[in-house]
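**Q** Take a look at this one; I'll ask things after.
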Amino acid sequence: MPPIPGSGLAKGLAVTLRTMTRKTVTAQYPDVQPELPPRSRGVIGLFEENCTVCMLCARECPDWCIYIDSHKETVPATAPGGRERSRNVLDRFAIDFSLCMYCGICIEVCPFDALFWSPEFEYAETDIHELTHERDKLREWMWTVPEPPALDPGAEEPKEIAAARKTAEKLEAQRAQAAQEAQQAQAAQDAQQTPTQEGDQ
């Protein structure tokens with residue numbers, strides 16, 4: 001059966017009329033902030049205390065948008081007869097967000113958990129050169145990083161936690177045994193001293 005002429009127009013007008021009677025759901029940004037999903041990729045925060053200047057993030061970055069400068073510093077020996085050690089000290093850590101494609105490779109490859117995703121997204125600039133943010137700005141974004149999600153109750157316990165618990169229980173058992181042996185030794189010592197004191201009297 002051929003379509004009735006004008007049926008498509010009538011359907012379109014019906015949709016328009018239905019929509020006109022509904023309340024709008026437009027969020028008036030920036031007056032109303034959006035509710036972002038927990039794993040939003042906004043910017044990258046830097047926790048510089050964990051950074052060892054291993055350069056893995058800069059080497060693995062496909063856009064070469066991470067700039068790191070460092071210098072070596074000699075650490076004196078902690079014990080007499082020990083030798084001095086050298087360590088890398090971070091001088092500059094910058095990310096050019098005009099080049100960054102938010103792939104997250106730098107965060108994944110960091111072996112010391114120094115880089116994190118922050119949901120912060122309001123960092124637009126009028127000049128493209130100002131999109132290169134130094135470590136001070138990256139440190140500020142670190143405080144907007146949400147807490148990691150809780151583990152699934154049905155998930156298997158990580159091996160590291162199980163090993164740590166086993167070690168802690170072993171140490172606790174050793175301490176309890178040592179305390180019990182010390183108590184028994186003290187009781188035996190008290191028992192030996194008591195007859196001697198009675199004989200003196």
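**Q** Just TYR29, TYR67, TYR102 to compare: in a GNM of the chain, with alpha carbon springs under 10 Å, which one fluctuates most?
**A** TYR29
**Q** What relative contact order, as a whole-number percentage, does the chain give when Cα pairs under 8 Å and 6 or more residues apart are counted?
**A** Working: 196 pairs, mean separation 43.7, N = 201.
The value is 22 percent.
**Q** Specify the residue with the greatest mean-square fluctuation among THR52, THR78, THR167, computed from a Gaussian network of the chain linking alpha-carbon atoms under 10 Å apart.
**A** Result for the chain, Cα springs under 10 Å: THR167 fluctuates most.
**Q** Taking +1 at the Cβ of each Lys and Arg and -1 at the Cβ of each Asp and Glu, which of LEU131, GLY8, GLN33 sits farthest along the dipole of the range 1-146 towards its positive end, judged by Cα position relative to the Cα centre?
**A** The listed residue farthest towards the positive side: GLY8.
**Q** Quick one: Karplus J couplings for the range 53-69, per residue in order, coefficients 6.51, -1.76, 1.60, θ = phi - 60°, nearest Hz, x for Gly and Pro?
**A** Ordered by residue, 3J(HN,Hα) equals 6, 7, 6, 4, 4, 5, 6, 7, 5, x, 9, 6, 9, 10, 10, 10, 10 Hz.
**Q** With each run of n ≥ 4 DSSP H residues scored as -39500 (n - 2.57), what mean residue ellipticity at 222 nm is computed for the chain after dividing by its residue count and rounding to the nearest 500 deg cm²/dmol? Walk me through the intermediate numbers first.
**A** Numbers: 5 runs with 74 residues, N = 201.
That calculation yields -12000 deg cm²/dmol at 222 nm.
**Q** Can you give me the orientation-averaged projected area of the convex hull built on the Cα atoms of the range 116-192, in nm²? Let's see the in-between values first.
**A** Details: hull surface 42.5 nm².
Here the figure is 10.6 nm², rounded to one decimal.
**Q** Can I get the semi-axes of the range 94-151's equivalent ellipsoid? Compute them from the C-alpha gyration tensor as square roots of 5 times the eigenvalues, in angstrom, largest first. Show your work: numbers first, answer last.
**A** Working: eigenvalues 95, 36, 23 Å².
Equivalent-ellipsoid dimensions as semi-axes: 22, 13, 11 Å.
**Q** Which is farthest toward the positive dipole end of the chain among ALA191, ALA94, PRO80, measuring Cα position about the Cα centre, with Cβ charges +1 (Lys, Arg) and -1 (Asp, Glu)?
**A** Result: ALA94, furthest along the dipole toward the positive end.
**Q** If one puts a single equal scatterer on every Cα of the range 21-70 and applies the Debye formula without solvent, what log₁₀ I(q)/I(0) results at q = 0.22, 0.23, 0.24 Å⁻¹?
**A** Here the Debye-derived log intensity ratios amount to -0.95, -0.99, -1.03.
**Q** Can you quote the Å³ per residue value for the convex hull of the Cα atoms in the range 149-188, rounded to an integer? Can you show the working numbers first?
**A** Working: hull volume 3.2 nm³, N = 40.
Spelled out: Cα convex hull of the range 149-188, divided by residues, is 80 Å³.
**Q** Sticking with this structure for a sec: Take the chain, connect every pair of alpha-carbon atoms lying under 10 Å apart with a spring to form a Gaussian network, then pick out the residue of GLY45, GLY12, GLY81 with the largest mean-square fluctuation.
**A** The residue with the greatest mean-square fluctuation here is GLY12.
**Q** If you don't mind, there's one more thing I want to ask. Using only Cα atoms, figure out Rg for the range 1-126 and give it as a multiple of 2.2 N^0.38 Å. Don't skip to the end; give the middle numbers.
**A** Details: Rg = 26.9 Å, N = 126, 2.2 N^0.38 = 13.8 Å.
Expressed relative to 2.2 N^0.38 Å, the Cα Rg reads 1.94.
**Q** Could you size up the charge dipole of the chain around its Cα centre, putting +1 on the beta carbon of Lys and Arg and -1 on that of Asp and Glu, and report it in debye to the nearest 20?
**A** The calculation lands at about 1020 debye.
**Q** Whenever you get a sec, compute what percent of the accessible area on the chain sits on carbon and sulfur atoms (1.4 Å probe). Kindly include the intermediate steps, with their values, before the conclusion.
**A** Details: 8830 of 15950 Å².
Of all accessible area on the chain, carbon and sulfur atoms account for 55 percent.
**Q** While we're looking at this one, here's another question. In nm², what is the average projected area of the convex hull enclosing the Cα atoms of the range 59-164?
**A** Values: hull surface 43.5 nm².
The Cα convex hull of the range 59-164, projected and averaged over all directions, gives 10.9 nm².
**Q** So, in Å, what gap is there between the alpha-carbon centers of the range 1-74 and the range 173-195?
**A** If you average the Cα positions of each part, the centres end up 67 Å apart.
The values are calculated or read from the model by the stated rules, or taken from the named source; none is laboratory data. Treat the numbers as computed from the prediction; the structure is a model and nothing was measured. As a convention, Cβ positions derive from the backbone with ideal geometry for all residues, glycine included, and neighbour counts pool all protein chains shown. These accessible areas exclude ligands, DNA and RNA; they are computed on the full protein's heavy atoms, side chains included. Shrake-Rupley method; radii C 1.70, N 1.55, O 1.52, S 1.80 Å.
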